[in-house]
1. As I understand it, the value is the acute angle between the Cα axis of helix B:3-35 and the longest principal axis of the Cα atoms of chain B; what does it come to in degrees, rounded to 10?
2. Summarise the partner chain shielding of A:132-141 as one whole number: the mean count of Cβ atoms from other chains within 10 Å of each residue's Cβ.
3. So what is the relative contact order for chain B, in percent, with contacts set as C-alpha pairs under 8 Å and at least six apart?
4. With r defined as the distance between the Cβ atoms of A:Val293 and A:Arg16 and R0 fixed at 35 Å, what FRET efficiency is calculated, to the nearest 0.05?
5. Once Lys and Arg get +1 and Asp and Glu get -1 on their Cβ, which of B:Leu57, A:Ala123, B:Gly67 lies farthest toward the positive end of the dipole of the protein assembly as shown?
6. Would you be so kind as to identify all helices of chain A, as entire DSSP H runs, whose Cα atoms reach 18 Å or more along the helix's own axis and whose mean Kyte-Doolittle hydropathy is at least 1.6?
7. Got a sec? How would A:Ile254, A:Ile309 order by Cβ neighbour count within 10 Å, fewest to most?
8. Pull out the extension gain between B:Leu7 and B:Lys36, defined as 0.36 nm times the separation in residues minus the alpha carbon to alpha carbon distance; nm, one decimal.
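What follows draws every value from the coordinates through simple rules; no lab data is involved. All values reported here derive from a predicted model rather than from experimental measurement. When we count neighbours, we look across all protein chains shown, and the Cβ atoms used for this are built from the backbone with ideal geometry, even at glycine.
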Amino acid sequence: MSEAAVRLGRPGWSIRRALGVVVLLAALAAVPGFANNYYLEVLSEAWFYVLLCLGLNIVVGFAGLLDLGYAAFFAVGAYTAGIVTLRLGLSFWLSLPISVVAASIAGVIIGGPTLRLRSDYLAIVTLGFGEMVRISVRNLAVTGGASGLVGIERPTLFGYHLDSIGAYYYVFLLLAVLGVVASHRLENSRIGRAWKYVRSDEDAARAMGINHAMVKLAAYILGAIFAAIGGCFYAAKMTAISPETFTFNQSLLILLGVVLGGRGKIPGVILGALVIVIFPELFRDVGSMRMLVFAISLLLIMLFRPAGIWPEKWR
Amino acid sequence: MPLYEVLLQQLANGLILGSFYALVALGYSMVYGVIKLLNFAHGDLYMVGAFAGFGALSLISGWAGGGWGGIVPAILFSMLAVGVLGVIIDRVAYRPLREAPKLSVLITALAVSMLLENVALAFTGGQYTAFTTSLGFAGINLGMVHVTWTQMVLVGTSVVLMVVLELFVSGTRHGKAMRAIAIDQDACRLMGIDVDRTIALTFLIGSALAAAAGVLAGVYYGSINFFMGFLIGLKAFTAAVIGGIGSIPGAMLGGILLGLLEAFGTQIPGVGSEWKDVFVFAFLILFLVFRPTGLLGQPEVERM
């Protein structure tokens, strides 16, 4: 942070930093010019997980609440897109606002009654909620049961049909960038400070007049919206979704990204998301053992670097 | 079958299921009661227990036979082995984080759970392992309902273990130390109680009970797999919450109630058995919202 920014009392942009970001974005935007489909596929997935991890980071990192059922919100987004386009025959773009509403409702349903509980109860309730959503989409007719929804139409944007991997590379890159900007703005907003206050000392925060339940609920809803929007585009990219995408392991993987990188710190979370996507690709041989390797690394990180690889600085 | 026989059959099923839940819930509840840690790895200790019992039984069934003569030593071996594993887990993963923020400890517990599951996955290749015993289906008939001796012994064993535990915690010095640590760790240290050792003892007992439940479940269902601990861990936690977390009679009551609820829930017209887990979790959320202290729990005052 530059001197001027410190004086202004808000997180600011030095010229050097702004230039760095522009160069980085330009480099990332140029990738489809030379990379083959394999790299584009992996990188698209990486940007997608950046978005999901940033969303979960609002709940786990900023507000300090453990959520073990985050895949449920991702499922809400993906299935909303599927139902809106396949069952209702509406445009894909309509599924975005609808899924935001659906995710907010889901956030309120899970958050509303449980936020007054102790944090460890919350963890198990979110886990149970994640399983409830998965079992429900598996058994309902409207969600296509165990085989899921197939043949979701890919959207068209300004006359351009989004049907190539290159297009989805840009879509997910854009979503990740928007996610970073939104997270950054939220972190430094009034509510962002309230989250961190509640996280470090809930009683003191309440004594200062912060409505802790509302603040936590806001974290759940905003986190859910990130996942829901990601889920919509995921459905559009894959054109098929099934309940097995939204298991507890999916929730764990996203949580790993957040915790591994450094919960509460945006660059740390981005790093964590990149690690969880790229690491298994680098070690394709360990394939089936990847969760074992993850478990060990998570344990070691918790024991030796409890705040993550690139932790948040405490001010 | 007439209605009352359906109900009787479900009562038997519910009691068996419930006694497994209760045994696992006890360990959850004890550990939570003493150090306020939600031990996510607890369900996986049940799974490891099943495998340890299976291994022991396959080794000794040659001369001890596949009946109770082999199963009882297998259960005892598994309880000991998993009890020690629980103590090691506490020593390696949880003790260094005793003063750390809750979130870090919870995530560590999650990592231990993943580790146990994936080690078991690597050993079994994700296949179901047949848990064969030479126990027959002999038993007694109540109308058209057939209850095997095995089922009765399973429920009986669980009840005996629970009673022994309750006597231990309420009657012995070690049990008193556990209850004291649950109230105030620092004061216990000042009073000369070896806190770390008592916590290790809690892990030993809790893990051993989970292991016993795991072997009994293997005997009952006839097959075990690396993933069997996940769902039962969740449900045992639900049972512990329903009964009142930290309370031993509460964990038993909650386990039995949950088992019965699940068994009878599948009989409600229009609700298939695929919905039973949704049912259980909905029940958990309702309980947490309206009666977070459970049926037998003490209302807790969170200190500042």
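1. Once rounded, the angle reads 20 degrees.
2. Numbers: counts 9, 1, 2, 7, 3, 0, 1, 4, 0, 0.
Mean shielding by partner chains, rounded to a whole number: 3.
3. Values: 488 pairs, mean separation 110.8, N = 304.
For chain B, the relative contact order is 36 percent.
4. On the way: r = 37 Å, r/R0 = 1.07.
Step by step, r from the Cβ atoms, then E = 0.40.
5. A:Ala123
6. Values: long enough: A:15-30 (22 Å, 1.99); A:37-57 (29 Å, 0.87); A:92-114 (33 Å, 1.65); A:119-139 (30 Å, 0.56); A:165-187 (32 Å, 1.38); A:212-238 (39 Å, 1.36); A:248-261 (20 Å, 1.86); A:266-282 (23 Å, 2.30); A:290-304 (21 Å, 2.54).
The qualifying helices are A:15-30, A:92-114, A:248-261, A:266-282, A:290-304.
7. Working: A:Ile254 25, A:Ile309 16.
Fewest-to-most ranking of A:Ile254, A:Ile309: A:Ile309, A:Ile254.
8. Values: separation 29, 0.36 × 29 = 10.44 nm, distance 3.83 nm.
Additional length available on full extension: 6.6 nm.
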